[in-house]
Amino acid sequence: ESTYLSTSGVPSRGWWPDWDFGERTCTSHGKAPAYMSRNYDQYFSESKRECCQHWFPYNLKGCVGQTIGESTKEYFVPNWVDYKCNKRQEGDMDEWELADTFESLEVCCKKRFPYSFTECCSASGS
C-alpha cells in the first residue's frame, strides 16, 4: 500500500477506484491519479470493500474478489419483507445484498428501519 496526503495534509493509506482499462475495481498499489489525490476525501476509502461498495456496488463480488464467495464473515442485512435486519454470512449473500451490509444490528435498524427501530432491534438477528 502507498501513503498519500489527505486534504488535511496528513499522510494516509487508502483504496481508490481503478477504472483504467475497464478494471472496475479498487486498488491501493501504485500512484493514484492526481485529481484523486487532490480530492482525497472524495475518492479514497479505508478498505477495499468500502471502496467497492461506494464505486462499484453493482459488481461487488467482482471488485472485492472471489474470496467473498468463501467468506464466513457475518453482517446484518435489511429484510424488506419483515422490516428487520438479519445476520448473514458474506459468502451466502446475493450481489445486491453485499452493497447494503452493516456491522451491527443496531446500525442496520437505525439506517434502514428508523420508523420501527425498537421492533427491528428486538429481532433475534438471525
Check your understanding: In this structure, does Glu50 turn out to be surrounded by fewer than 19 Cβ atoms within 10 Å (Cβ to Cβ), touching a Phe, Trp or Tyr at 6+ places or on another chain (Cβ under 8 Å) and not basic (Lys, Arg)?
Key -> yes
Check your understanding: Is it fair to say Val77 is over 20 Å from Gly14 (Cβ atoms) and hydrophobic (A, V, I, L, M, F, W, C)?
Key -> yes
Review point. Looking at this structure, is Gly69 at pLDDT below 80 and surrounded by 14 or more Cβ atoms within 10 Å (Cβ to Cβ)?
Key: no
Revision key, fill the gap. Those residues of segment 96-110 which are of a type outside the set (A, V, I, L, M) and closer than 18 Å to Leu60 by Cβ amount to Trp96, Glu97, Asp100, Thr101, Phe102, Glu103, Cys108
Practice item. Please tell me if Tyr75 is in a strand (DSSP E or B), surrounded by 14 or more Cβ atoms within 10 Å (Cβ to Cβ) and modelled with pLDDT under 85. Key: no
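The values are calculated or read from the model by the stated rules, or taken from the named source; none is laboratory data. Note that the coordinates shown come from a computational prediction; the quantities given were computed from them, not determined experimentally. Reconstructed Cβ throughout: ideal geometry from the backbone, glycine too, with neighbour counts over all protein chains shown.
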